[in-house]
1. Using only the alpha-carbon atoms, how far is helix A:32-44 inclined from the longest principal axis of chain A? Give it as 0 to 90 degrees, nearest 10.
2. Which order results if A:H130, D:H31, B:H113 are arranged by neighbouring Cβ count within 10 Å, fewest first?
3. Give me the dipole magnitude in Debye, nearest 20, for the protein assembly as shown about the Cα centre, with unit charges on the beta carbon: positive for Lys and Arg, negative for Asp and Glu.
4. With both bridge residues required to lie in segment D:55-192, what share of the DSSP beta bridges run antiparallel, to the nearest 5%?
5. Under a point-charge model restricted to the Cβ atoms of Lys and Arg (+1) and Asp and Glu (-1), what is the dipole moment magnitude of segment D:1-135 relative to its Cα centre, in debye to the nearest 20?
6. To the nearest 20 Debye, how big is the dipole of chain B about its Cα centre, given +1 on the beta carbon of each Lys and Arg and -1 on that of each Asp and Glu?
7. Partner chain Cβ atoms within 10 Å, averaged over the residues of A:96-105 - can you pull that number for me?
8. Mind checking the mean number of beta-carbon atoms from other chains within 10 Å of the Cβ atoms in B:159-168?
4 protein chains.
Amino acid sequence: MEDITVVFDEAVAPEDRTAPVMIEGLPGIGHVGKLVAEHMIQELGAVKIAEIQSIYFPPQVLIGENGVVRLCNNELYRCSGEKGSFLFLIGDFQSTSNEGHYLLSQVYVDIAHELGVKRIYTIGGYGVGHFIETPRVITAVNKESLSQLVIDAGGVFGDGEPGGGIIGAAGLMLGLSAPLEIEGICLMGETSGYLVDPKSAALVLEVLTRLIGISIDPANLKERAGEMEVAVQRLLEQEKKSEEELSYIG
Amino acid sequence: MEDITVVFDEAVAPEDRTAPVMIEGLPGIGHVGKLVAEHMIQELGAVKIAEIQSIYFPPQVLIGENGVVRLCNNELYRCSGEKGSFLFLIGDFQSTSNEGHYLLSQVYVDIAHELGVKRIYTIGGYGVGHFIETPRVITAVNKESLSQLVIDAGGVFGDGEPGGGIIGAAGLMLGLSAPLEIEGICLMGETSGYLVDPKSAALVLEVLTRLIGISIDPANLKERAGEMEVAVQRLLEQEKKSEEELSYIG
Amino acid sequence: MEDITVVFDEAVAPEDRTAPVMIEGLPGIGHVGKLVAEHMIQELGAVKIAEIQSIYFPPQVLIGENGVVRLCNNELYRCSGEKGSFLFLIGDFQSTSNEGHYLLSQVYVDIAHELGVKRIYTIGGYGVGHFIETPRVITAVNKESLSQLVIDAGGVFGDGEPGGGIIGAAGLMLGLSAPLEIEGICLMGETSGYLVDPKSAALVLEVLTRLIGISIDPANLKERAGEMEVAVQRLLEQEKKSEEELSYIG
Amino acid sequence: MEDITVVFDEAVAPEDRTAPVMIEGLPGIGHVGKLVAEHMIQELGAVKIAEIQSIYFPPQVLIGENGVVRLCNNELYRCSGEKGSFLFLIGDFQSTSNEGHYLLSQVYVDIAHELGVKRIYTIGGYGVGHFIETPRVITAVNKESLSQLVIDAGGVFGDGEPGGGIIGAAGLMLGLSAPLEIEGICLMGETSGYLVDPKSAALVLEVLTRLIGISIDPANLKERAGEMEVAVQRLLEQEKKSEEELSYIG
């Protein structure tokens, strides 16, 4: 087994693998990236064109329908149509080691380069530690000339936020794609960090679709966000009650 | 020292190393796999044909009879007779690192491939966190067409269980053998996860022998299971007593 | 991506990269080394001539002005003028793994060797666990003949201090440069270990500038040290008050 | 830097590097091995013939006299005289990673093989968790025919002790030297595991010198053991007093 293996679906001709834009939505805080990318794949009818396996993923298999297992992997999806051609990078996990994060991200941008990608969008969550009424979409870019574009689309620059930098593929792909002359934009939806956050994902989707100039029905995401909202509301009320009871006792 | 070394017993001719079926019983939850594989090795009179050493095992030697040490290893046993030919993979430890799990499992399935194996059974325990009256044998496969076979033999598909996937060699060997056209079936006996569990092992043995079409006397395993049962019963009673005393005090 | 990549600014001719002295100020205890080296770079107008990236750094990017990201790196600065030519090694992080510390430090001394460096100064903090009125500059060398020099400049040998040795690049660069016939001197400013410590840095700067025979205006460092002093004083007073209150309650 | 570097003192001719016996005394429980090997080196006037450096050692330098640093290392000493020729392997640390333990131990036995070693003695402590009046010397061998020899010299086989096997170089060198036809004997002095234990070391020295057929003055070791004894006695008395006081209060 190679440390990292990329296997393209041979049924897809090389010329049917290219696209000018790649969107990364690997698992991370609030699963914001994963929600956005998987929603777009579904709405645009993108199809899987490659699988990536690696010794840097957790050493396990996942169990699917009918008990059929498959190795942990990352996957490349592609759609091509009226709205344009897009590549999506999604997956089960990111690297379990620091070195693996670098080596995997390098492979991702090398694939992008090979497939003609000119701009990579990486999507993530920005955990703030508390529930937010109106989350912002914090952004970062790998080239100064991209800043205005992102602001026009509704993203904000966090004045040094996130202070700790951007960890994992969402950050490294921006850094590693620059020398390949690939533009990189990271969109991070503010989120509590406690729960999967479709509301934050819906806001990121809005900014992203403005940036790539297409429209995507956010209905499903918004529906899930609505359900989540109710759940969070209940959580907060329950917490408030407990506090009131405590202060009553006190 | 190579990262992973496989040394075959040269006294065993290459044609006496092959078998259509490999059974993996490396250490894991409840030592279910280890109990099943070692019991079968004993009952079928399988003999050791290879040793596997690796820098991914714990850095220590084990002390045997008369204080003679040996390196930690994994071992390949084989039997061949009226009931058919079988290979068994057992050992002291699994990998101490994530990457090592992948690299070792790849070596295991490569060996299987080389020795003509067409189907691999991996055996493990499925820890549920409490003692179980009638454990089930949860199963997973690496090819949908195997499902009915396993159900007919008494295995059950856990509807997404185990949710966390199957960790270590038992899972990875299924995933890594698929591209080599080797069928893979994982049998996991439900077990508390607290103790070595021969009762769970005896149930897995039942399903496994039905699958491979041979009969093996489960007497030894059942005897150990009986003793264990008594011990667990005492544990539970003692626990109950303590609770009663506590509620009495309360 | 190579495990460690060194990229020189091609606009700087090879003959404009050399210097007889290298000063290392990577992050560490009290950020003493970082403060000293960055202050010198500013005062001497040194310019960046190389960037070092590595899979041994944390897997993240840092966000700069206007939200533009860059990979974590270590950087080589150089100045050349009346006061002499100097190389500076600074950066965001040190290695995240033990092995990486060795491999990166080896690269650093190899670069030094290539660029004609005859002496390396490594700067660090020596954490003592409490606030110090008059910190000493503890020193270590990689060649006995350097001892007197350092003492004459105001450094002291700590009689076996630090007992645990010198960890990270500050130590390893001394050890690894010896076989390359590069002299190595480590200057460690005593510091609490709790805070960034410009006061300790100012004292190290004094000893260092005496050693390299130049003068550098310590005003900025001293100003920051003054501000820090006030902050620490307040911390200590607050602590004292809390204790008095506690003993009053008691 | 190579992962592991062995540098022989070129002033020592190849024929003056050989010996039939190697004694390993790297740091470990109670520093029993280190005490024994260093005592023998001193008493027999052995001289250093090689240094071993590695990225698997902790990433730091150690500070010696006059503040002169040196890289962490392992060292090979040799003596040759009326009493015979002996090699000693001592050092500052063992590996910081599991894989490194294997790779370093393999290098150690390869060196032994190259230098004509026919038997390796590895020395360690066997931590039992409490102070022992009369420690035993537990032994292990890599060849059954060595057992009687060791028993005759006063070693005992611990009936499966240590149950957890022998961890680190003391164990792995026995396991890895067997295929090179080098005999291996491990002597482990029982010790509390809390303190450096010269008393246990003196007992191991007794068994070891009987095995290699030479006499070595244990005076220094015994003196240190006497001092340690007094210290331990005081510790135990103090503990007893505290308990009496507590029961008085109670």
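1. Rounded to the nearest ten degrees, it is 60.
2. A:H130, B:H113, D:H31
3. 40
4. On the way: 17 of 27 bridges.
Percentage antiparallel, nearest 5: 65.
5. Value, rounded to 20: 300 debye.
6. Here the size comes out at about 200 debye.
7. Working: counts 3, 7, 10, 12, 4, 4, 11, 4, 1, 3.
Average neighbour count from other chains, rounded to a whole number: 6.
8. Working: counts 4, 5, 2, 3, 2, 4, 11, 5, 4, 3.
For this peptide, the per-residue mean of nearby foreign Cβ atoms is 4.
Any read-out appearing in this document is the output of simple, stated calculations on the displayed coordinates, not a laboratory observation. Predicted model, so just to flag it, every value in this text is computed and none were measured. Methodologically, a virtual Cβ is constructed for each residue, glycine included, from the backbone with ideal geometry; neighbour enumeration extends over all protein chains shown.
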